[in-house]
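Data block below; observations after.
The values are calculated or read from the model by the stated rules, or taken from the named source; none is laboratory data. These numbers come from a predicted model, not from an experiment. Neighbour counts are summed over all protein chains in view; Cβ atoms, including those assigned to glycine, are modelled from backbone coordinates with ideal geometry. These area figures cover heavy atoms from the full protein model, side chains too; ligands, DNA and RNA do not enter into them. Shrake-Rupley method; radii C 1.70, N 1.55, O 1.52, S 1.80 Å.
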Amino acid sequence: MDELLAELAEDFGSGRVFRPYRDVRFSKDKAPYKLNCAAHLPGGYVSFSADELFVGSGLYMPGPDQLKRFRAAIDDGDSGLELGSVVSAVRRGGYDVGADEVLKTAPRGYAKDHTRIELLKYKGIVMSKSWAVGAWLGTRMAKSRVVACLDAARPLNTWLERNVG
């Protein structure tokens, strides 16, 4: 992971590997170690495990003020349409788009028949892709998949920087 982050630093910024252990103080499950190796970059998140390579980017679990700005930008005609086209392009590229938490109904203050109600229900927005582990994981193909995903996330991240902060 350290080698990958060093190679990605020039294009995506300096990354940071997450600690390999879990805080078990308040958990019923006292298993001390994580089963994946993960890192955060300014433009995304990368995780290796025995099952998959996962790459994601976006607005994950935003604070209340960020969520308010996010929804206001979706509601706005121009920025909301722009996000809709960004999301469509990301999905056409084969990436998943979603959120850590999605409301079942319209958020308070928004009409249930809003043209972008599906996006308004999101509590944040993340684009991601995962690949099952294979022999390719020890090759340059792993880096190329990470780079492709982080590149595909750039329009979403640009929209978030401009509209959410």
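Observations
- Subset tally (residues that are closer than 23 Å to residue 152 by Cα and open to solvent by 80 Å² or more (accessible area, probe 1.4 Å)) for the range 8-27: 4
- Considering the range 77-96, the residues that are surrounded by 14 or more Cβ atoms within 10 Å (Cβ to Cβ) and without any contact (Cβ under 8 Å) to a residue 40 or more places away in the chain include one that is nearest to the chain's Cα centre (by Cα), namely 84.
- Given (1) surrounded by 15 or more Cβ atoms within 10 Å (Cβ to Cβ); (2) in a loop (DSSP other than H, G, I, E, B), number of the condition residue 30 does not satisfy: (1)
- Whichever residue in the range 3-52 is touching a Leu at 6+ places or on another chain (Cβ under 7 Å) and more than 23 Å from residue 138 (Cβ to Cβ) and, among such residues, is modelled with the lowest pLDDT: 43
- Of the numbered criteria (1) of a type in the set (S, T, N, Q); (2) part of a helix (DSSP H, G or I); (3) open to solvent by less than 40 Å² (accessible area, probe 1.4 Å), the one residue 158 fails is (3).
- Among the residues of the range 102-113, none qualifies, meaning not one is assigned to a helix (DSSP H, G or I), out of contact with any strand residue (DSSP E or B) (no Cβ under 7 Å at 6 or more places or on another chain) and not hydrophobic (A, V, I, L, M, F, W, C).
- Restricting the range 33-72 to residues that are open to solvent by 20 Å² or more (accessible area, probe 1.4 Å) and of a type in the set (Phe, Trp, Tyr), the residue that is farthest from residue 151 (Cα to Cα): 33
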